[in-house]
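Sharing a structure, written as structure tokens. Questions coming.
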Amino acid sequence: MQCETSCCRSIVQCEHSRGNITRKDLLDYKPVVTEYALNFTVENYTFLAPDAPFGGPVLALILNILKGYNISSSSMSARENKTLMYHRIIETFRFADAQKNKLGDPYFENITELVKNMTSNNFADHIRSKIKDDIKQNIYDVTENIDRGTSHLSIIAEDGSAVAVTSSINNEFGSKVMSPSTGIIFNDQMRDFSKPKDINVNKRNFIKPGKSPLSSMCPTIILDKQSRQVRMVVGGSGGTNITTATAQVILNYLFFDYDLKKAVAEPRVQTQMNETNVDDYFDMGVIKGLKEKNHKICVNTELRGDKLCAESDERKGGRPAGY
């Protein structure tokens, strides 16, 4: 069997491997271009982020919940304050994850009211009222998916225009099928659809022809509300951790008054199922305080042991491969 293009030859290889994507599927596919980003305001900043099925509504909900705590540099000024702030952040992430698990592709699913709620102050106030400062709530989160094939670029041009772009083939080497003519590796984004056997199954994210799966990708441009000048361009990689990691960098820089280097380098928290993962070198005093509030904490020690590590002289403007 022969195809007219080398790209199609790769698809045929998939078919011979019991795949079901055909050349006609590719010819019939039409990309959807959304002219307007999700637009929401938090205090003095206007946020432009991708709408569902991407992470924009989740980011809006997180920031709207947390702004009700009057967050500022004092929120991280002492260990007691820092412990309480991280407790509130973790609980906010859990509630936001629960809402994310109701989203789907808006061209296939009616999620208008859901997105409207997730970006509204009233709904954020309602969720915040459920968070107790003394103890972790019993909330069951979505399942974990850590990708290794996502990258992000943040760009600000000389004229002040900005671009935030995240691209992904999902896991390492995507579908492990490469076009012999272009060298492009095809993604395996299909695994991002929900399956009936999934925990907390999201029926709105069931697979359909032409449908896009849920994604945590959250490239975001942040403007000063008054001057409309770009204040920050941000995004990231990391599967289901993308939106919460992006939120933490935003909080660190715009609200906790960290400098940009510290905002990015600061150890982070990530919620998975009923436990919270914290980066290596996270404040042990805060970990102790979180455990006292009934949090199950798991420290990520990937950088310890016999693994290879690299570092680069920052004065030369470079970064080691793999960072």
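No value in this document is a laboratory result; all are computed from the given coordinates. Not measured: the values here are computed from a predicted model. No Cβ is skipped: glycine too gets one built from the backbone with ideal geometry, and neighbour counts run over all protein chains shown.
If Lys and Arg each add +1 and Asp and Glu each add -1, what is the summed charge of the other residues whose beta carbon sits under 11 Å from the beta carbon of Phe173?
Taking every Cβ under 11 Å from that of Phe173, the sum is 0.
Is region 43-122 rounded, prolate or oblate when judged by the Cα gyration tensor, a ≥ b ≥ c being the square roots of its eigenvalues, rounded requiring a/c under 1.5 and prolate requiring a/b larger than b/c?
Judged from the Cα gyration tensor, region 43-122 comes out prolate (a/c at least 1.5, a/b above b/c).
Order these by the 10 Å Cβ neighbour count, fewest first: Thr83, Thr119.
Final ranking by Cβ density, sparse to dense: Thr83, Thr119.
Please list, in chain and number order, the residues 5+ apart from Asn187 or on another chain whose amide H is under 5 Å from its amide H, with Hs placed from the backbone.
When sequence neighbours closer than 5 places are left aside, the close amide H contacts are Ser175.
Near the amide H of Leu38, under 5 Å away, which other amide H atoms are found, from residues 5 or more places off or on another chain, if H is placed in the peptide plane?
Answer set, sorted by chain and number: Ala49, Asp51.
Once you've got the Cα coordinates, tell me which of Lys67/Lys262; Lys116/Lys296; Lys24/Lys100; Lys100/Lys293; Lys82/Lys261; Lys24/Lys197 are over 23 Å apart.
Violating the 23 Å Cα-Cα cut-off are Lys116/Lys296; Lys24/Lys100; Lys100/Lys293; Lys24/Lys197.
Once amide H atoms are placed 1.01 Å from N in the peptide plane, what residues at a sequence separation of 5 or more from Val299, or on another chain, have their amide H within under 5 Å of its amide H?
Under 5 Å from the amide H of Val299: Val278.
Ok, one more. Per residue of region 214-225, in order, report the coupling 6.51 cos²θ - 1.76 cosθ + 1.60 (Karplus, θ = phi - 60°) as ³J(HN,Hα) in whole Hz, putting x for Gly and Pro.
Once rounded to whole Hz, the list reads 4, 9, 8, 4, 8, x, 9, 10, 10, 10, 5, 4.
Now for a different question. How large is ³J(HN,Hα) for each residue in region 173-182, as worked out from phi by the Karplus curve 6.51 cos²θ - 1.76 cosθ + 1.60 (θ = phi - 60°), to whole Hz, x for Gly and Pro?
Here the 3J(HN,Hα) series is 6, x, 7, 6, 10, 10, 6, x, 8, 10 Hz.
Residue by residue through region 227-239, what is 3J(HN,Hα) from phi via Karplus (6.51 cos²θ - 1.76 cosθ + 1.60, θ = phi - 60°)? Round to whole Hz and write x for glycine and proline.
Those phi angles translate into 7, 6, 7, 5, 9, 7, 10, 8, x, x, 10, x, x Hz.
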